[in-house]
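Only the coordinates and a few stated rules stand behind these numbers; no lab work does. Quick caveat, the model's predicted, so the values are computed rather than measured. With ideal geometry, Cβ positions are generated from the backbone for all residues, glycine too; neighbour counts draw on all protein chains shown.
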Amino acid sequence: VRTFDYAIIGGGIVGLAAALKLAQKRPDAAIALFEKEPELATHQTGHNSGVIHSGLYYKPGSERATHCARGRRELVEFAKTHGITHDICGKIVVATQKEELPFLENSFQNGLANNIEGIEKIGPEKISEIEPHCEGLEAIWVPCTGIINFRAVAEKFGELFKEISEKNEIIKGAEVTDFIKSEDKTELITNKGKYQTRVMICCGGLESDRIARKDEVEPGVKILGFRGDYYDLSERGRRKVRNLIYPVANPAFPVLGVHFTRMIDGSVECGPNAVFTFKREGYGKIDFSLKDTVESLSYGGTWKLFKREWKFGLDEYARAFSKRLFLSRLRKLIPSLESQDLVPGRSGVRALAVSSNGEMVDDFKIKTQGRSLHVLNAPSPAATASLAIAETITKKTLHL
Ligand SMILES: Cc1cc2nc3c(=O)[nH]c(=O)nc-3n(C[C@H](O)[C@H](O)[C@H](O)COP(=O)(O)OP(=O)(O)OC[C@H]3O[C@@H](n4cnc5c(N)ncnc54)[C@H](O)[C@@H]3O)c2cc1C
C-alpha cells in the first residue's frame, strides 16, 4: 500500500492551494492529492464567475472578510509572477431605486470597515462614464475588483505543487469512498486502490459533509446544491457592458443578485440566479439524483430554510425557466437590454451549508479532529481567498 505523509481529498482550488502551501512548508514530505474526476477544478472552481472579489460585503472580522483581503492580494501577486491573465478592471454596485439607497450605504460602510482600497460613492454622471449603458441613482465604485480564470489558477497551483518534490502526486479519477482508521494512520479506499496517510485534509466542496461523516466527523451541516444559471451577451449585447455591474445586495436575500461580468476571455455573462437543485453536481435544469434528493429532503434544516425563503425560492425558479423575467431583472441595470442580446449560457452549482435549524452558514467553516482536517464550508469568495485559506489549513495541519 502506497503511503503518504499528507493526503488531500479534492482537486478544486481550495485543495490545490492547500497542496501547494503545504508542499512549500514541507518540501521533504510526501503529499498526495486525490480528485475523483478525470480533470482538476471540474466542479465549483471550474463553474464560477471568475471574479476576484474585493471583500466589500463580508462581515468585518469574519473569516471571509479577512481571508478575502489577504487572499486577493496574494492571488494578484501570484497571477503576475506566473503570467496568468487577469484584469483588475473594477466594478460598480448600482442602486436603481430610492429604496435601495440605504442598502447601498450599508455596503459602502461595510467596505470602509473592511478597508477595501479606493472605494468611492459615485453619482449618475460618473456611473455613465464608467458604464455608458447603465442607469442608476448612485453607485459604489470598487477599483480593486478584478477578473481571472480560476481553473487556470488551480491548475497552476497543481503544477507548482508537483514541481516541489518528486514524492508529490496528483491522482485523478480517484474517488475516495471510505476510510479505515488505525492508531497512527488512515487507509483511504478509492476506486484506484488503497493508500495510506498520516494526515488527511478534506476539501470536497459539494461532497464535504459526506466525506466528513465517512471519517466519523460530525459536520454539523448538510450541503445543499444551489444551481446558478447564466446567460451570455450576444455580440450586440456585449457592447452595452464594459466590465462588472452589480445590483445592490439586499440583506434579506442570501445571494448577491444577478450581475454582469466580463470574463477574461472577452465574453460577458449575466447571472447567476440561485435555485435548489435535485442533484449536487447537476448542471442541467432538470438533472435529478435520487440519493441527493432523498438526503436533502429528509433533512429538517432544508424544510426550515424553504419555509423561511419560499418567496425568494419561487421567484428564482420562475426566472430559471423564463428568459423574460430574467431579462426584466437585468434591465433594471441596463434599460436598453433586449431579448436578442441574451443567449442561454452555462450553469454552476454552489455548495450551500445549512444547519439543522435551517440557517445558511455564512462564514468559512473548517473542523479538525484527530489527524483529519475538514473544510466544511468554502463558499464565495473561496476562490479569491484560496491562498489565504490554504495558509490557515497549513497552520492547522503542520503540527498534526
Ligand atoms: C456559480 C458560482 C459562482 C461563483 N463565483 C465566484 C467568484 O466569482 N469568485 C470567487 O472567489 N468565488 C466564486 N464562487 C465560489 C468558488 O467557486 C468556490 O468557493 C470554490 O471554487 C470552492 O472550491 P473548493 O475547492 O472548495 O470546491 P470545488 O471546486 O467544488 O472542488 C471540490 C473537489 O472535490 C472533489 N471531490 C469531492 N468528493 C470527492 C471524493 N470523495 N474523492 C475525491 N475527490 C472528491 C470534487 O470532484 C471537486 O473537484 C462561485 C461559485 C459558484 C458555484
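I need to check one value: relative contact order of the chain, counting alpha carbon pairs closer than 8 Å and at least 6 residues apart, in percent. Show your work: numbers first, answer last.
On the way: 893 pairs, mean separation 97.2, N = 400.
Relative contact order, the chain: 24 percent.
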With label points set 7 Å from each Cα along the Cα-to-Cβ direction at Asp5 and Asp362, the distance between them in nm comes to 3.9
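Restricting things to Cα coordinates, could you compute the convex hull volume per residue of the range 140-253 in Å³? Kindly include the intermediate steps, with their values, before the conclusion.
Values: hull volume 24.8 nm³, N = 114.
With only Cα atoms used, the range 140-253 gives 218 Å³ per residue.
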Partner lysines whose C-alpha sits under 21 Å from that of Lys285, ignoring same-chain residues fewer than 8 away, are Lys311, Lys323
When the chain is treated as a Gaussian network with springs between alpha carbons less than 10 Å apart, the largest mean-square fluctuation among Lys367, Lys291, Lys172 is found at Lys291
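When a/c reaches 1.5 or more, the comparison of a/b and b/c decides; with that in mind, is the range 22-69 rounded, prolate or oblate per its Cα gyration tensor?
Working: a/c = 3.35, a/b = 1.41, b/c = 2.38.
Oblate is the answer for the range 22-69, as a/c is 1.5 or above yet b/c matches or exceeds a/b.
Averaging over every viewing direction, what projected area does the convex hull of the Cα atoms of the range 1-127 cover, in nm²?
On the way: hull surface 44.2 nm².
Reported value for the Cα convex hull: 11.1 nm².
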Reduced to Cα centres, the span from the range 139-160 to the range 1-70 in Å works out to 13
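Work out, step by step, the length gained on full extension between Thr85 and Ala113: first 0.36 nm times the residue separation, then minus their alpha carbon distance; give nm to one decimal. The partial results should precede the final answer.
Numbers: separation 28, 0.36 × 28 = 10.08 nm, distance 3.01 nm.
Roughly 7.1 nm would be gained on extension.
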Taking a straight Cα-to-Cα line shorter than 16 Å from Lys98, and setting aside same-chain aspartates and glutamates fewer than 8 residues away, one finds Glu135, Glu138
Per DSSP loop assignment and a cutoff of at most 10 other beta carbons within 10 Å, the chain keeps its longest run without exposed GluC sites (Glu not before Pro) at 184-400
In the neighbourhood of Asp178 defined by beta carbon distances under 15 Å, the net charge of the other residues (Lys, Arg +1; Asp, Glu -1) is +3
Neighbours of Ser54 by Cβ distance under 13 Å: Lys/Arg at +1, Asp/Glu at -1, summed charge +3
Footprinting proxy, Ser267, Ser386: sorted fewest to most Cβ within 10 Å, the residues are Ser267, Ser386
Summing -39500 (n - 2.57) over every DSSP H run of at least 4 in the chain, dividing by its residue total and rounding to the nearest 500, the 222 nm mean residue ellipticity is -10000 deg cm²/dmol
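What is the projected area of the convex hull of the Cα atoms of the chain, averaged over all directions, in nm²?
On the way: hull surface 74.9 nm².
With the hull built on Cα positions only, its mean projection is 18.7 nm².
Let's test the formula: R0 of 35 Å, r as the Cβ-Cβ distance of Gln24 and Ser182. What FRET efficiency results, to the nearest 0.05? Write down the numbers at each step before the final one.
Values: r = 29 Å, r/R0 = 0.84.
Calculated value: 0.75.
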Within the set Gly11, Gly257, Gly266, GNM on the chain using Cα springs under 10 Å gives the largest fluctuation to Gly266
Dividing the surface of the Cα convex hull of the range 64-197 by four yields a projected area in nm² of 13.1
The simple spin-label model distance between Phe306 and Ser165, using points 7 Å out along Cα→Cβ, in nm, is 4.8
DSSP beta bridges in the chain: the antiparallel percent, rounded to 5, is 70
Two pseudo-spin positions, 7 Å from Cα along C-beta at Asn191 and at Lys395, lie apart in nanometres by 3.8
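Starting from 0.36 nm per residue, how many nanometres of slack lie between Tyr283 and Glu99 once their C-alpha separation is accounted for? Mind dumping the intermediate values first?
Numbers: separation 184, 0.36 × 184 = 66.24 nm, distance 3.46 nm.
Gain on stretching Tyr283 to Glu99: 62.8 nm.
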